[in-house]
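Below you'll find the structure, written out as structure tokens, and then a few comments.
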Amino acid sequence: MKMCRNFIKVMCPALVLALVCTGLLAACQSGISKKKPMSGDEFREKIEALGYEITADQRPQDEKQRLQAELQSPEGEQQLQEEQQPQLAEEQLQPQEEKNPILRVIVGDKLENAHMEFYECDSHETAAGMLSSNKEIVKERQKENSPSELFEESQSYQKFTLKTADIYYILVQVDSTFLNVTAYAERAQDLDEIVKKMGY
């Protein structure tokens, strides 16, 4: 009985410590994997506050609808008919309804030393695909420059950084958003901090 009490006295604090550590580890991991995506308006507000100039803020679907409305006007229909070749079948003349997977694009520049592009996409898969294709483009473009790379990944989050002697890239996907940052290498630490403050 005495041995059992000694065992409990020794093991109980160790067990409590193990449970606390496990809980803290789980909380940290869930914080990493569950980043919250920004809206385009939040992104725009944050980079304008940092002195970035917004050089583009587009909603591709809105632009498509505007163009379709122009084409449906009497002048647009006439122009479309003049441009169409007579040998096309009637069904080919009908506009194809294709949804653009990019809902909004915001581009910001700060002087000539930093460029940011923020994309709101229609799905997690679209944003993840953008990160993947941009990552391959950046790696191919910089393969001769001895780049250093870092890649982090969790449930709804991916982050890829690549740095050469001259240039620094940060590509981040959080849920259905994608952030693409390019800057001179000497700004790497500043940009890491900015992206971190954005929650990306």
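A few remarks follow.
- Computed over segment 95-200, the convex hull of the alpha-carbon atoms projects to a mean area of 7.7 nm².
- Averaged over residues, the count of other Cβ atoms within 10 Å places the peptides 116-124, 146-154, 172-180, 131-139 in the sequence 172-180, 116-124, 131-139, 146-154, highest first.
- Rounded FRET efficiency, nearest 0.05, which uses the C-beta distance separating Lys143 from Glu98 and R0 of 35 Å: 0.55
- Anisotropy class of segment 103-160 from Cα gyration tensor, a/c 1.5 cut: oblate
- Proximal charge balance of Ser176 [Cβ under 13 Å; K/R count +1, D/E count -1]: -1
Quick note: the coordinates plus some simple rules give every number you see, no bench work behind them. Predicted model, so just to flag it, every value in this text is computed and none were measured. Glycine gets a Cβ as well: all are built from the backbone with ideal geometry, and neighbour counts include every protein chain shown.
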